[in-house]
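Chemist: Following this message is one structure expressed as structure tokens.
The values are calculated or read from the model by the stated rules, or taken from the named source; none is laboratory data. If you're wondering where the values come from, they're calculated on a predicted model, not measured in any experiment. Positions of Cβ are backbone-derived with ideal geometry, glycine not excepted, and every protein chain shown enters the neighbour counts.
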Amino acid sequence: MFAAMFRVWPPQGWGFPRLFVSLMQIIQHWVQVQQRPEKSYRIVSTASVETLWQTINNLADVSWHPLLTSTNAPQGLAPKPGLIYRAFTRFFPLPVSIFVERVLPQELISVRVLPVPGLEERVTYELKSTLRGTQISYSVILHGWLSPLAWSILRPYAAKVATALAEAAEHPAAIRGAGSRFQAW
């Protein structure tokens, strides 16, 4: 009788290996779905394309950026494809590597941010002159198994980057002022 009970349990098709594999497939599917958070933010600025490009192009001054505090790039260094430099984030005092992928002068700059193993962030700044002003497009794509966690932390700050860039270009003196909310900590 005791042996008969164990022949009935587990139910047919629910053996430990099969249940474990099914659970792993569900988790794997969830991770694949969650693995590529991507979002684009757009704002129109009254600043010219040239002024905005100079603000983005100055790799040494990231005081306007809500996510970064400083970089190791020397003053006046222009971004070129293949350039790798380091930056410090406002969240953790750990350096992150930034790799410049693509540059189209006064139009587009695309970089990869490599903060920790298991996470890669691709950031693209695009500038377009329109009748209403200059359109700033800021796109973020996260890759890696840590991307769902990172996106939940970064999302509120990523939404502010395009606005902060426009404000920095329109009012450069306000960024370096004492009461600025974009001042480096």
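Chemist: Restricting to region 52-61, name every residue that is surrounded by 18 or more Cβ atoms within 10 Å (Cβ to Cβ) and either aromatic (Phe, Trp, Tyr) or closer than 15 Å to ALA166 by Cβ (or both).
Modeler: Listed by number, the residues that qualify are LEU52, TRP53, THR55, ILE56.
Chemist: Looking only at region 109-129, count how many residues are surrounded by fewer than 16 Cβ atoms within 10 Å (Cβ to Cβ) and within 18 Å of THR51 (Cβ to Cβ).
Modeler: Qualifying residue count, region 109-129: 2.
Chemist: While we're looking at this one, here's another question. Just one of the numbered conditions (1) modelled with pLDDT of 90 or more; (2) under 20 Å from GLU38 (Cβ atoms) is not true of ALA87; which one?
Modeler: (2)
Chemist: Right, something else. Could you say whether any residue in region 130-147 is part of a strand (DSSP E or B), among the hydrophobic types (A, V, I, L, M, F, W, C) and surrounded by fewer than 18 Cβ atoms within 10 Å (Cβ to Cβ)?
Modeler: yes
Chemist: Separate question: If you go through region 169-180 one residue at a time, do you hit one that is assigned to a helix (DSSP H, G or I), among the charged types (D, E, K, R), modelled with pLDDT under 85 and surrounded by fewer than 17 Cβ atoms within 10 Å (Cβ to Cβ)?
Modeler: Yes, region 169-180 contains at least one residue that is assigned to a helix (DSSP H, G or I), among the charged types (D, E, K, R), modelled with pLDDT under 85 and surrounded by fewer than 17 Cβ atoms within 10 Å (Cβ to Cβ).
Chemist: Here is a follow-up. So which strands (runs of 3 or more DSSP E) are wholly in region 62-123 and hold at least 1 residues that are acidic (Asp, Glu)?
Modeler: Counting at least 1 such residues, we get 95-104.
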